[in-house]
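The values are calculated or read from the model by the stated rules, or taken from the named source; none is laboratory data. The structure displayed is predicted, hence computed values, not measured ones. Cβ placement follows ideal geometry from the backbone for every residue including glycine, while neighbour counts extend to all protein chains displayed.
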Amino acid sequence: MKHFYRLLPFLAAFLAIGCSDETTVFQDGLEDDLYLEENSALLQGAIGFAEAGVLEIVGENTLAGKGEELAGDYPLTLIATVAPPASGTDEALTASHVDLDGDFAYVSYNTVGETYRGAIDVVDISDPHNPRVSSRLIYLNADINSLVFDNGFVYAAGGVDAETSVRATSNSFVARIPVTAGRISTETILYGFQQGYNATDVVAEPSRILVSSGKEGSITIYRKEDLGIEAEAYIADARAMAPYGNGLAVLDAGSGVRMLNEALEESVLIPVTSDLGEATKKTLDFWQGNIAVAEAGKGAGVYSPDGVLLQYLPIPLHPEGAASGDIVTNAVTANEEALFMANGAGGLSLSESAESGIEAVGIIELPGSINYVSSRGDYAFAASGTSGLQIIKLNRPQPGLQGRCAGLPPYEGSSKLNVGASDQLAFSGEKRFNNININGALLLCGSWTVVNHVDVKDGATFELYGTLAVGRNTQRRNLKVGEGALMRIEGDLTIYGDLILMEGARLEVLGSNSAIDIFGSVKYEGEATVTGTFRDVRGKFQ
């Protein structure tokens, strides 16, 4: 379990407005204890594809009375992992927060326990087939617990060992770090220090930065331009914040969710009685107009903004089991209809909003203990204690494809799609399959993943408008186009295995923006033709 800040004796705190005498601003306040990683080979080597591929979700329903698994609604793929920086100690760095802005993901790292070590990565995801770490800043004397990117700067909140730092006046700090086109600069870093044992979260507003600082800390408002203090609200144990309208929701461990206005005045207290644990990170997020809170062993609680408990989402049991003390919900994140829960040894679970309420979808098959998750747009980022940061693509259909495939019915059948020799089938949507076998003709419009093989039989036709991913690097599977068969695609095809083209097979690629990413090989088992203009991501057609 992540020790989010140092365990120190508890002193009673209260909610009030004022300014801390210990809040000070420094420029380059920690410059002797940080460095930029300049080794391009190390940055390139931080990205791994060993686990990449189609993700299964355990726990979904089967067709009633048939024992047959339905095709899943979430065609997720793990596109890569990011290995954390080396800490220089026996305690490994782990990802603590992720913020996504445009083509870049900004990742913070900290360490468990008493050692102060941290880092910030900038990950370029402009090419989802080949993400890369474009910049890495390492702190030798500070944890980085949260960050946010805003208008050319990363604002990072964390804890520093004030006893060994020359300039730090308190353990809790916020830093303003310049970033240009994915590259961090250390020339003009500003620091502000405030009361509290360790800064826990940071929020960017148009003209100000808000920082929470945990036990015996505060919510402090800083001016963006110079990190000067505007106001401070003392809160007993602020673990996380979430902006809403002109206000702020604050998770105060031991009390609940405090709804504050722009001036940090409390309007509502939503009681949360769960034991959130000592010195552990817990998050909250707004979802479908309500508030989801990570509540440790209870799972996630969902509350209305006026304080009514709507539903508890328990932690799904992992099929292989895990020690109960290690199964705790540490983070929640919402993305449209989906809610992700990071449940420690219980893994990463997914729920969705439905007409009948909130329904559990299942557990996403990822390695290691999942202690943090963040999701925005077409991505989710999950921090695993043993496997680094997992970059997950949601593979939502692109809007432009909907017009091309208008009027097609959504696929609602089995995860084992078998197309008969006399069938001419066409579907739209986004689903996960176990396998696809085509003897006749099939058109798929949307986003699709296949855990096992795709087999286009002799003389059959398979057309794809959208995205398709097949297999996984730990379980390679092939896509085979049989003798005299046709595969026509416009979009994005990824195969974690081989593309096999039999005698007389034809692969036609339409448009000018299609991409084919093959981790295995292109195997020609006879005279086959490949036509069209497309991006050959790994150069396998050469």
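In the range 265-280, how many are among the β-branched types (Val, Ile, Thr), out of contact with any Phe, Trp or Tyr (no Cβ under 9 Å at 6 or more places or on another chain) and either free of Cβ contacts under 8 Å to residues at least 24 places away in the same chain or under 12 Å from ASN330 (Cα atoms) (or both)?
Kept after step one, since they are among the β-branched types (Val, Ile, Thr), are these residues of the range 265-280: 268, 270, 272-273, 280.
Filter once more, keeping what is out of contact with any Phe, Trp or Tyr (no Cβ under 9 Å at 6 or more places or on another chain): 268, 273.
Okay, now just the ones that are also either free of Cβ contacts under 8 Å to residues at least 24 places away in the same chain or under 12 Å from ASN330 (Cα atoms) (or both), so 273.
Number of matching residues: 1.
From (1) buried (at least 19 other Cβ atoms within 10 Å of the Cβ); (2) over 18 Å from HIS129 (Cα atoms), pick out the condition that doesn't hold for ILE518.
Looking at each condition in turn, ILE518 falls short on (2).
Based on this model, can you work out whether THR474 counts as closer than 18 Å to PRO128 by Cα and in contact (Cβ under 8 Å) with a residue 40 or more places away in the chain?
Numbers: closer than 18 Å to PRO128 by Cα: no; in contact (Cβ under 8 Å) with a residue 40 or more places away in the chain: yes.
Against the criterion (closer than 18 Å to PRO128 by Cα and in contact (Cβ under 8 Å) with a residue 40 or more places away in the chain), THR474 does not qualify.
Among the residues of the range 119-136, what is the count of those that are among the hydroxyl-bearing types (Ser, Thr, Tyr) and either touching a helix residue (DSSP H, G or I) at 6+ places or on another chain (Cβ under 9 Å) or over 20 Å from ASP517 (Cα atoms) (or both)?
Looking only at that region, the number is 2.
Do we have any residue at all in the range 79-90 that's closer than 30 Å to SER414 by Cβ and aliphatic (A, V, I, L, M)? Please lay out each step first, then the result.
Here is the first cut: in the range 79-90, the residues closer than 30 Å to SER414 by Cβ are 79.
Okay, now just the ones that are also aliphatic (A, V, I, L, M), so 79.
Yes, the range 79-90 has at least one match.
Filter the range 154-165 for residues that are touching a Leu at 6+ places or on another chain (Cβ under 9 Å) and not small (Gly, Ala, Ser); which is nearest to ASN198 (Cα to Cα)? Don't jump to the end; show me each part of the working.
We begin by selecting, within the range 154-165, every residue touching a Leu at 6+ places or on another chain (Cβ under 9 Å); these are 154-158, 160, 165.
Now narrow it down to the ones that are not small (Gly, Ala, Ser): 154-155, 160.
Working: VAL154: 18, TYR155: 15, VAL160: 8 Å.
Step by step, filter the range 154-165, then rank; the result is VAL160.
Can you tell me which of (1) touching a residue at least 40 places away in the same chain (Cβ under 8 Å); (2) over 17 Å from the mean Cα position of the chain (by Cα); (3) farther than 22 Å from GLY344 by Cα is the one GLU114 doesn't meet?
(3)
List the strands (runs of 3 or more DSSP E) inside the range 305-423, counting only whole elements, that have at least 3 residues being at pLDDT 90 or above and under 27 Å from HIS129 (Cα atoms). It would help to see each step written out before you state the result.
On the way: elements: 309-313, 331-335, 338-342, 348-354, 357-364, 370-376, 379-384, 388-393, 416-419.
Strands (runs of 3 or more DSSP E) meeting the threshold: 331-335, 338-342, 348-354, 357-364, 370-376, 379-384, 388-393.
For the range 13-122, please list each of the strands (runs of 3 or more DSSP E) lying entirely inside it that holds at least 2 residues being modelled with pLDDT under 85.
Working: elements: 24-27, 34-36, 77-82, 93-101, 104-111.
So the answer is 24-27.
For the range 281-311, give me the residue count where each residue is in contact (Cβ under 8 Å) with a residue 24 or more places away in the chain, among the polar types (S, T, N, Q) and touching a Gly at 6+ places or on another chain (Cβ under 9 Å).
Of the residues in the range 281-311, 1 are in contact (Cβ under 8 Å) with a residue 24 or more places away in the chain, among the polar types (S, T, N, Q) and touching a Gly at 6+ places or on another chain (Cβ under 9 Å).
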